[in-house]
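Below is one structure; the comments refer to it alone.
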Ligand SMILES: [Fe+2]
Ligand SMILES: [Fe+2]
C-alpha cells in the first residue's frame, strides 16, 4: 500500500499524496535526454525526486515547468529508493492540487513559538540596550521592519528555512547571549551583544523572497548579501540622527563597532563563509560563535529527525552525521 504522508516515506515504499515543491532543476542525462530534479517537502522533510522523460506524459519540459514551480502544491505518485543514504523518489504521476483541496498550513514548517510571544521577548531584549544610540537604531529598525522580520525565513536551504525562522533564530541567539553575559559580567558588553544579535540577519528580509513556502535569493540579495544590506540600514539611521542632532565621535565609533560585529558574524574572512570584515572585538567573536551554535543545532536536529537510530548519513554542509541511539 502506498504511503500518503511524505513524513512517512521510506526507501522501498511507494507514495501517493500531496507535497510542496521547493526547488526544480532542469537536467540532461548522459545520452542527452531531458529530466527534472525536483525537491518536494512536507514540514521539515525534504525529498529529492526525479521525473525522467518517460514520465513526462507527452508534455514538453516548458509545460512541465509551469506545473512544477516553487511553492506549488502537487499530488504526486512515485516510488522511493535510497541514494547516498537519503530517500529519493522517482515520480510516475502528478497533477497540480486544486485550490482549497489541501490545507497549506499542514505542509509549511513554522517556528515552534508564537509570533506574538517572540516579538514581545525580542523587544524586551532591545529594552535592555543601555547605549542610547544603539538602543535607538536597534529599536527603530526592529519596529519599522517587524512586519516582515517576524514572518521571514532565515535561509533558503540551510538552517531555519521555515516561517518565522529569522525571528526564532534571532531570539535563540539573544537567549544564549543573555546566559553568556550573566556568566561573564562586565567582560562582555551586553548592550553591544543585544544590538548586534537583533540586527545581524535583518538584511535577510531583502536578501530572500518573502515566500516562506519556497524562498529564493532576490536579485538585491545577490548583489549585496544580508550583511551589507543591514549595515546600509544602520548607516542610514546614523545619517538621520546626525541630521537631527549633533552626534559625538564616541557615538559614531560605537555604531561602527556594531557594524564590525555584524560584518564579521560569519567568522574570520579566511573561512569563506561571507563575512565582510575580520572580527576585532570580543563581542564580534562571541556573536559569530553563538550564531554558529544555533545554526549547527538546527541543521543537525533537522538532519537527524528522519534518520534511524545508529545511522550515519552524509548531510549537505555538514559532512557525516551520526544519530545515537539514546
Ligand atoms: Fe548571517
Ligand atoms: Fe544568523
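The values are calculated or read from the model by the stated rules, or taken from the named source; none is laboratory data. A quick note: this is a predicted structure, and the numbers were derived from the prediction, not measured. Positions of Cβ are backbone-derived with ideal geometry, glycine not excepted, and every protein chain shown enters the neighbour counts.
For every residue, the table says whether it meets (1) within 30 Å of residue 301 (Cα to Cα); (2) under 19 Å from the mean Cα position of the chain (by Cα).
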site: 102; (1), (2): yes, no
site: 107; (1), (2): yes, yes
site: 113; (1), (2): yes, yes
site: 117; (1), (2): yes, no
site: 128; (1), (2): no, no
site: 132; (1), (2): no, no
site: 135; (1), (2): no, no
Considering residues of segment 198-211 that are away from ligand 1 (no atom under 11 Å from the Cβ) and in contact with a helix residue (DSSP H, G or I) (Cβ under 8 Å, 6 or more places away or on another chain) only, the residue farthest from residue 145 (Cα to Cα): 208
Hits in segment 298-319 - residues which are within 15 Å of ligand 2 (Cβ to nearest atom) and closer than 21 Å to residue 7 by Cβ: 298, 299
Out of 241, 180, sole residue that is within 26 Å of the chain's Cα centre (by Cα) and either modelled with pLDDT of 95 or more or assigned to a strand (DSSP E or B) (or both): 180
Pair list, Cβ < 9 Å and 6+ apart or interchain, from segment 228-255 residues that are surrounded by fewer than 16 Cβ atoms within 10 Å (Cβ to Cβ) to residues that are part of a loop (DSSP other than H, G, I, E, B) and at pLDDT below 95: none
Complete set of residues in segment 298-326 that are free of Cβ contacts under 8 Å to residues at least 40 places away in the same chain and part of a helix (DSSP H, G or I): 300, 301, 303, 304
Tally of residues being more than 15 Å from residue 79 (Cα to Cα) and in a strand (DSSP E or B) across segment 1-36: 12
Top-ranked residue in segment 258-297 [being within 11 Å of ligand 2 (Cβ to nearest atom) and touching a residue at least 60 places away in the same chain (Cβ under 8 Å); ranked as nearest to the chain's Cα centre (by Cα)]: 295
Residue satisfying all of: in segment 55-86; without any contact (Cβ under 8 Å) to a residue 60 or more places away in the chain, closer than 23 Å to residue 3 by Cβ and outside any strand (DSSP E or B); nearest to the chain's Cα centre (by Cα) among these: 72
Qualifying positions in segment 250-275 - more than 11 Å from ligand 1 (Cβ to nearest atom) and within 21 Å of residue 134 (Cβ to Cβ): 250, 251, 252, 253, 254, 255, 256, 257, 258, 259, 260, 261
Test result for residue 217, modelled with pLDDT of 95 or more and closer than 30 Å to residue 104 by Cβ: no
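Each row is one residue, and each column tells you yes or no for (1) surrounded by fewer than 19 Cβ atoms within 10 Å (Cβ to Cβ); (2) without any contact (Cβ under 8 Å) to a residue 40 or more places away in the chain; (3) within 15 Å of ligand 2 (Cβ to nearest atom).
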residue: 190; (1), (2), (3): no, no, no
residue: 195; (1), (2), (3): no, no, yes
residue: 199; (1), (2), (3): no, no, yes
residue: 204; (1), (2), (3): no, no, yes
residue: 208; (1), (2), (3): no, no, yes
residue: 211; (1), (2), (3): yes, no, no
residue: 214; (1), (2), (3): no, no, no
residue: 221; (1), (2), (3): no, yes, yes
residue: 224; (1), (2), (3): yes, yes, no
